[in-house]
Amino acid sequence: MLTCNRILLLVTLLSSGQYALAQSRYAPTSVDMEVKQVSEHVYYVEGVPGIATDNEGFISNAGFIVTDDGVVIFDSLGTPSLASKLVQKIKTITRQPIKKVIVSHFHADHIYGLQVFEELGAEIIAPFGAQKYLRSEAAASRLEERQFSLEPWVNEDTHLVLPDTTVEKSTAFTMGGITFTINFMGKAHSDGDLTMLVEPDKVLFSGDIIFEGRIPFVGSADSKKWLDTLTKLETGGLTALVPGHGPASTTPENTISLTRRYLAHLRKVMGTGIEDLTPFDEVYGEADWSEFKDLPAFAEGNRINAYQVYLSMEAELLEQ
């Protein structure tokens, strides 16, 4: 008869073997991935500011929480190679298995690492609407583009991963004596956004509803709903906030302020132009961007962001 210790050893060896097999399938990545500890249980890795294909795709953050009964991941990074490297980093800190992955939203720089955790048997938890996006032409087109622009780290073996569980209202779970609260934020930065609070550590993972140290990516976001969400977001009592991009903050109110000010400025400038029936190029050219022009990703993203907000606010006006 096998003892508990021998069973544990066999499981560990099997898991290591499966991981080694999966690891060999991913192109090695040369990026510097430093694990930063935020609190007793909470760690994260920080991507560099930039556009999607910079730094071998390592532009976003991912976090992990170590409990006595397993590891919880928040977001999976932008390539399987990056996720595989993250798993290696986690293994230097704990032998606990990775049991759950919480997906803040379905943008490429946060989800292409999911297949690594799927292969390890982790439960994938995502916001409501994920299945619709993953089966869409937009998702297929984005993956095809990244298979070209981020090859070999995203390649023909990279696939989209359906979640095991979707969340459409705030909920909580406990693992290893630690309570996690998942907050469903609805349509804000994307068509569905989640945040996660690690209760005993009072650390909030915000996903991309908050950016730190760079301008946000607006894309097709509902900027009005996004701004409303940030205005209502409760951050009192937090010890730290880990945003979707940029360094963790011990002053959450200040961190939220950057994203909120930027969105408010976009909506104010573009809204005034629309009310005056001023063409976009003229509105953009006359706007004062001095508060944000020195931030990373401004040159690459600000005009695109402004144009998206201009179009969406035109649509808002027509709906009134």
Please tell me if Lys225 is touching a residue at least 12 places away in the same chain (Cβ under 8 Å) and within 27 Å of Lys99 (Cα to Cα).
no
So for the stretch 290-299 (the condition being in contact with a Leu (Cβ under 7 Å, 6 or more places away or on another chain), in contact (Cβ under 8 Å) with a residue 40 or more places away in the chain and not basic (Lys, Arg)), does at least one residue qualify?
no
Give the stretch 28-49 a look and list any residue that's surrounded by 17 or more Cβ atoms within 10 Å (Cβ to Cβ) and among the small types (Gly, Ala, Ser), or say none.
Gly47
Can you confirm whether the stretch 248-259 contains a residue that is of a type outside the set (Phe, Trp, Tyr), without any contact (Cβ under 8 Å) to a residue 40 or more places away in the chain, in contact with a strand residue (DSSP E or B) (Cβ under 8 Å, 6 or more places away or on another chain) and buried (at least 17 other Cβ atoms within 10 Å of the Cβ)?
yes
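Residue-by-condition table, conditions (1) at positive phi; (2) without any contact (Cβ under 8 Å) to a residue 40 or more places away in the chain; (3) crowded, with 21+ Cβ neighbours inside 10 Å:
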{"position": "Leu114", "(1), (2), (3)": "no, no, yes"}
{"position": "Glu119", "(1), (2), (3)": "no, no, no"}
{"position": "Ala138", "(1), (2), (3)": "no, yes, no"}
{"position": "Asp157", "(1), (2), (3)": "no, no, no"}
{"position": "Thr166", "(1), (2), (3)": "no, no, no"}
{"position": "Glu212", "(1), (2), (3)": "no, no, yes"}
Tally the residues that are among the polar types (S, T, N, Q) and either closer than 17 Å to Ser312 by Cβ or in contact with a helix residue (DSSP H, G or I) (Cβ under 7 Å, 6 or more places away or on another chain) (or both), restricting the search to the stretch 267-296.
2
Only residues in the stretch 39-59 that are at positive phi and touching a residue at least 60 places away in the same chain (Cβ under 8 Å) count as the first member; pair them with residues that are surrounded by fewer than 23 Cβ atoms within 10 Å (Cβ to Cβ) and of a type in the set (Ser, Thr, Tyr), Cβ under 8 angstrom, at least 6 apart or cross-chain, and list the lot.
Glu56/Thr29; Glu56/Ser30
Can you go through Gly244, Gly236, Gly273, Gly301 and tell me which one is in contact with a Gly (Cβ under 7 Å, 6 or more places away or on another chain) and not acidic (Asp, Glu)?
Gly244
Of the residues that make up the stretch 216-234, is at least one in contact with a His (Cβ under 7 Å, 6 or more places away or on another chain) and surrounded by 23 or more Cβ atoms within 10 Å (Cβ to Cβ)?
yes
Only one of these is over 21 Å from Asp32 (Cα atoms) and under 17 Å from the mean Cα position of the chain (by Cα): Pro127, Pro80, Pro97. Name it.
Pro127
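Taken together, the values in this text are just the output of simple stated rules run on the coordinates, not laboratory data. Computed from a predicted model, the values in this text were never measured in an experiment. Note that we place each Cβ from the backbone using ideal geometry, even for glycine, and neighbour counts take in every protein chain shown.
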